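Engineer: Please read through the structure below; I'll follow up with questions.
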Amino acid sequence: MRRLLLALPALAALTGAGCHKKPPRVVPDVVAPAIDVPASARRALSLTVYAGHGQGYAFVREDRAVRIHAGRFHLRALEVASTIVPETTRFELISLDEDDQPRKAAELYEQRYLYDRLSPSRLLEKSEGQRITATWWAGGRSGHEQSMSGVLLTRGAEAVVRLDSGDIVPVPPGSRISFPGIPQGLVEKPTLGWSVGSYEPADALLRLTYRANGFRWQADYVVAIDRVGARADVEGWITVTNPGDTAFDNATLQLAAGEIHEAPPPPAVIMLADAVAEMPAPEPAPHATEERLGEVHLYTISHPTDLPARSTKQVRFVAARDVPLRLEARSEPPLASGAYPSELVAVLEHGHQGPLAVPLPKGTARVSALSSAAVPVLVGEDATDHTPAGEPWKVRVGSDADQLTRVVVKEDRRTGRDRDGAGIWHTVVSYELRNASTAPRHRRVLVTPGRGRIERISKAEGLRSDGPARAILELDLPAGASRTIEVAMDRVDPYDRGTSYPDVPEPEVEELP
């Protein structure tokens, strides 16, 4: 019994220790001084710029270091974007606990956007009833400086003051006016403000995310083809426009394109490593990386960049030399006799490895080639679509008159109908490909049934089926060479229905020179 009684206090102590919980943190009932957090306190900054929807916009994410008090106080983030959409703002104050884990450092009570910018007119308007000093030069060259002090009664082009003597006089035009201070409510730059309650003094991070309107971006490429037409140098530039009065320095830049919903994506969660430490330097990476989120393509520029206020800036994200390419002459002739020109397309090697191993966003490509005098000449301009790494990058150069495709329809007759009543036609077509240039060329001809689908098609050199509605004829032609390929197909015309339509006679084929 004595041993049991001795054991009971130890058991009670163990039970109490197991049920012990940390008391909830509370905000002290004190009013602490206000805190301003300037842009110079930034520890991390990233901008995701969206294009393609009206004026465009940016999603801004930033961390700022701040030393907070215990109690209730006003906190202001200075120099936010002047085109901010306040209702999109998300605010957090984060500190580290005793285990160096991030936790919430304060409660948020109210938020407000201060946009009453400091200007001469607003300064006069807000200073009515305040004492000002006006100084001006009087008397011409031999004159002197004069001044007067009084209470500002009216503002505007003809400001009026009441002097200490009681006289009411206008402020002389061109006067330099001195004010006792900045009136309450005016801010030098757009500012976000909050009423917060902090649990304890701490080094914290103010984590801020919001949307800002007016930002835009576009991609432009310069493709310089060598004289042989086998390689090219490629430079890619992103043009970013910052329309506001706030500069964004040393920012991680992301570019979003595609079908973007109006609601911005949720902010990225970045674990806190040190409350006031610099973010670690990124590992070496390509000029740009790309990921797809639904219908949105997101491109991340690997190096930090500065976006000055009210500026348009170009950021180079591609600099590739000696990229292998193939010049293709492409044509899509109709199913009718005639001679048809080709379109010259540069197909550049764009794999996961090599000089051009980066995703290429939608943009405009301008192609130049060297003349016989070794002078670069602009030969074409094309709007290119998004091309991820691993897929060939195709840039249309322009029309190629040296690559003709002559089509001769030798036979075209109805042979019956399918189970749905659509007409079945047997068609024989001759394709003559000519290369009149002084360089070899890869030819690509699209063979289509005109309308409907191809039921069967003959075998021929370089001919392959590419689905029910077309086939592709591809081959390489030496300089000055020509090749004739005859193709026979059975095609189904869904618009040829019923028995009231007479059989179409075979067309008369005009001999081509």
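Every number here is computed from the coordinates shown, using simple stated rules; none is lab data. Being a predicted model, the structure only gives us computed values, none of them experimental. Note: ideal-geometry Cβ built from the backbone for every residue, glycine included; neighbour counts use all protein chains shown.
Engineer: How far apart, in nm, are the 7 Å Cα→Cβ label points at D220 and L123?
Structural biologist: Going from the D220 label point to the L123 one covers 3.9 nm.
Engineer: Now for a different question. If you average 1/r over all unlike Cα pairs in the stretch 190-259 and invert the result, what Kirkwood radius do you get in angstrom?
Structural biologist: Every distinct Cα pair counted, the radius reaches 17.4 Å.
Engineer: How high is the relative contact order of the stretch 120-178, given as a whole-number percent (alpha carbon pairs under 8 Å, six or more residues apart)?
Structural biologist: 32
Engineer: For the stretch 346-416, what log10 I(q)/I(0) values come out of the Debye formula at q = 0.14, 0.26, 0.28 1/Å, with one point per alpha carbon and no solvent?
Structural biologist: Summing over Cα pairs of the stretch 346-416 leads to -0.64, -1.17, -1.22.
Engineer: Give me the mean projected area, in nm² to one decimal, of the convex hull enclosing the Cα positions of the stretch 120-178. Provide the component values of the computation, followed by the final result.
Structural biologist: Values: hull surface 16.0 nm².
Computing the convex hull of the Cα atoms and averaging its projections yields 4.0 nm².
Engineer: Using amide H atoms built in the peptide plane, which far-off residues or other-chain residues are under 5 Å from L404 H to H?
Structural biologist: Sorted by chain and number, the residues that satisfy this are R434, A436.
Engineer: How large is the Kirkwood hydrodynamic radius of the stretch 323-493, in angstrom, based on all distinct alpha carbon pairs?
Structural biologist: 17.9
Engineer: Tell me, in nm to one decimal, what length is gained between V31 and A479 on full extension, where the rule is 0.36 nm per residue of separation less the Cα-Cα distance?
Structural biologist: Computed gain between V31 and A479 is 152.7 nm.
Engineer: Then there's this: Scan the stretch 357-419 for trypsin sites (Lys or Arg not before Pro) in coil per DSSP, keeping those whose Cβ has at most 12 other Cβ atoms within 10 Å, and list them by number. Before the final figure, lay out each step's value.
Structural biologist: Details: sites: K362, R366, K394, R396, R406, K410, R413, R414, R417, R419; in loops: K362, R419.
Sparse-neighbourhood loop trypsin sites (Lys or Arg not before Pro): R419.
Engineer: Taking a point 7 angstrom from the Cα of S40 along the C-beta vector, which residues in the stretch 235-249 have backbone N less than 18 Å away?
Structural biologist: Residues passing the 18 Å test: 246-249.
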